[in-house]
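> My questions all concern the structure below.
The values are calculated or read from the model by the stated rules, or taken from the named source; none is laboratory data. Just so you know, these numbers come straight off a predicted model, no measurement behind them. These area figures cover heavy atoms from the full protein model, side chains too; ligands, DNA and RNA do not enter into them. Shrake-Rupley method; radii C 1.70, N 1.55, O 1.52, S 1.80 Å.
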Amino acid sequence: MSGDGRREGLLVVRCQLGERAAFQELVQIWHAPLWRYVRGMVGSPHLADDLAQDAWVAVVRGLTRLRQPERFAPWLFTIARRTVADHLRQAYQASVTSVQEADAVVDDPHSGVLTTMQVEAGLNGLPPLEREVLILFHLEDLSLATCAEVLGVPPGTVKSRLHRARHMLRSVLAERGYGA
């Protein structure tokens, strides 16, 4: 994930001026982190593909209105968050239950380190608010301030959600026998 706000700010300005190559570069930098965030929130890689695409469409539509180009990352994750929330709201209103992927995890008794699949299985066991803050802070390496901006809450709330989420994740993993 790129942390260079000036470089990204220049890319955004170039995009706002209609330069297609700049947009392709922006997508190249940010698609994987965006997709990982969405995947972490919805659980399904196929649904993550669709929702990430929806988020990029919203980015294209709104990019000209972004007044602080150096703040692209929080803006992008805010769009992704709204996209996920809209999807979940529509699924709930339509009484559609989401099918979660099988929780098939290979247990390696010789390893003291949790695999990515084990951590993902644990994350899927958390409520959305706790799962979201862990993904943004730990998996996407966003700062507390940026997480607070994306989530629309004060940094202190992010800290308390992180604390609660870590304890919940530890409990979920312990229940599943991963000895977190």
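> Per residue, what accessible area does the stretch 1-71 have, given a 1.4 Å probe and all protein chains present, in Å²?
Details: 4090 Å² over 71 residues.
For the stretch 1-71, the per-residue accessible area is 58 Å².
> Accessible area, 1.4 Å probe, largest first: how do S160, S44 sort?
Values: S160 55, S44 25 Å².
Putting S160, S44 in descending order of accessible area: S160, S44.
> Please give the length that would be gained between T64 and D86 if that part of the chain were fully extended, namely 0.36 nm times their separation in residues minus their C-alpha to C-alpha distance (nm, one decimal). Display every interim value, and only then the final one.
Working: separation 22, 0.36 × 22 = 7.92 nm, distance 2.26 nm.
Contour length minus the Cα-Cα distance gives 5.7 nm.
> Need one number: the % of Cα-Cα pairs in the stretch 117-180 sitting beyond the 19 Å mark.
Details: 568 of 2016 pairs.
The proportion of pairs with Cα distances above 19 Å equals 28 percent.
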